[in-house]
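Read-outs throughout are calculated quantities, based only on the coordinates presented, and are distinct from any laboratory measurement. For clarity, every value in this text was computed on a predicted model and none was experimentally measured. In this analysis, Cβ positions are derived from the backbone assuming ideal geometry, glycine residues included, and neighbour counts consider all displayed protein chains.
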Amino acid sequence: MKTRNVGVIGYGWAATAHIDAINATRQGQVTAVCSSRPLDAAELSAKHGRPMKAYRKLDDLLADKEIDVVDITSYPSEHRDQAVAAAAAGKHIILEKPMANSPGEVRDIVAAATKYGVKGCVCFECRFSSQFRVTKALLDEGLLGRLHYGEVDYYHGIGPWYGQFRWNTGKKDGGSALLTAGCHALDALMLLMGGEVESVTSLSTKTASEVFAPYEYDTSSVTLLHFKGGAVGKSAAIVDCLQPYYFHTHLVGSEGSLLDNRFHSQKLHTDRHAWSTLAMKLLDSGDVSDHPYQAQFQAFFDALDAGVEMPLTSFPEAAKTFDVIFAADQSAAEGGRPVRLS
């Protein structure tokens, strides 16, 4: 087991959650931060409980030979250039979602990682949550049979009370309701339904609430997915709602159904007239400190030790989800025209 020194690029809300999670793994330790804002190394070290360097320039951090991994938590519009530069410097990469804001940029990141022989981890951390680990185990045991319909929806009002709002309202970094946050739900739907997406159809709109008026793009979308083999799914991305955070999950199969943490299975002969309950921690908060980063980062460092792609959220795996997201946004921009995946 090798100690992995990590340099964090960007020092906002997500970065602080990442640092705690990385330092809690068996191999990882954050030893440097690069930020456009001036940071004091002594203050950083005291705050996070270990020696840390502070850089203002990306090139200086990437030139640090003691750093094995970079963790990119900067604005999405900067992800492509920073990830490609990190790969060229021989650094493995943890990359906050979205990977980037266009299909070409995502392809550039995947190609650079392949060219320079580095591994990547995309922060689709919900795949490592208790909720979806338990749900996936239920599916793998065949307790719902063959799924023919599923819906996973993201309801989270990202307003002025939320740290991301400051930059999230602009098209440049927010992108779309799917890109900025709803991607977690669509990614979870793809994980649970399995199989390859054949085509998508999407529509989008926005609220009349003045609270969300600063947004430069539609803040609500709904996407229909047609999977090869005939299954269909639906994923809503709603970032302009005024309600508690809700990650809605409903799966329907040939042997039963699941609704969030409740299920019925013909195979287990559960009561069809009353839901049975699963023991799991539901995804019920948008607070980054509640996200299952530690489990995901531990899997990444373990994969680096083994010299293999990490499970569930490697660059190639995550890129499949972003192909679908970009196709969905294209469909919405064209008034709901179906878009086939190549």
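Provide the FRET efficiency to the nearest 0.05 for the residue 302-residue 56 pair, computing r from the beta carbons and using R0 = 41 Å.
With a Förster radius of 41 Å, E is 0.80.
Over its Cα atoms, what ratio of radius of gyration to 2.2 N^0.38 Å does segment 67-108 give?
Computed over Cα atoms of segment 67-108, the ratio equals 1.04.
How big, in percent, is the set of alpha carbon pairs in segment 54-146 lying more than 18 Å apart?
Percentage above 18 Å: 53.
I need the Debye-formula profile for the chain: one equal scatterer per C-alpha, no solvent, reported as log10 I(q)/I(0) at q = 0.08, 0.09, 0.12, 0.14 1/Å, two decimals.
-0.38, -0.49, -0.87, -1.16
Taking amide H positions as placed in the peptide plane 1.01 Å from N, state which residues far from residue 262 in sequence (5 or more) or on other chains have amide H under 5 Å from it.
Here the answer is 278, since their amide H atoms fall under 5 Å of that of residue 262.
Over the alpha-carbon set of segment 224-342, work out the extent along each principal axis and list the three values in angstrom, largest first.
45, 43, 37
Any idea how far the Cα center of segment 303-342 sits from the one of segment 139-162, in Å?
Spelled out, the Cα-based centre of one part sits 17 Å from the other.
With an 8 Å cut-off on Cα pairs and a minimum separation of 6 or more residues, tell me the relative contact order of segment 254-324 in percent.
Once normalised by length, the contact order is 15 percent.
How are the alpha carbon pair distances in segment 1-116 distributed across 10 Å bins from zero to the largest one, expressed in percent?
15, 49, 31, 5, 0
Mind scanning 2/115; 119/234; 65/115; 53/97 and naming the pairs with a C-alpha gap bigger than 29 Å?
Flagged as over cut-off: 119/234.
Could you give me the radius of gyration and the Dmax of segment 126-262, taking only the C-alpha atoms into account and expressing both in angstrom?
15.7, 47
Ranked highest first by average number of other Cβ atoms within 10 Å, how do 200-213, 65-78 line up?
65-78, 200-213
Please identify which residues in segment 117-158 have an amide N closer than 17 Å to a label point set 7 Å out from the Cα of residue 269, following the Cα→Cβ vector.
In segment 117-158, the label zone of residue 269 (backbone N under 17 Å from the point 7 Å along Cα→Cβ) covers 143.
Based on DSSP H runs of at least 4 residues, each adding -39500 (n - 2.57), what is the mean residue ellipticity at 222 nm of the chain after dividing by all its residues, to the nearest 500 deg cm²/dmol?
Taking each H run of at least 4 residues, the total per residue is -9500 deg cm²/dmol.
For the chain, what is the relative contact order in percent, using Cα pairs closer than 8 Å and at least 6 residues apart in sequence?
This gives 20 percent for the chain.
Please list, in chain and number order, the residues 5+ apart from residue 146 or on another chain whose amide H is under 5 Å from its amide H, with Hs placed from the backbone.
Sorted by chain and number, the residues that satisfy this are 254, 255.
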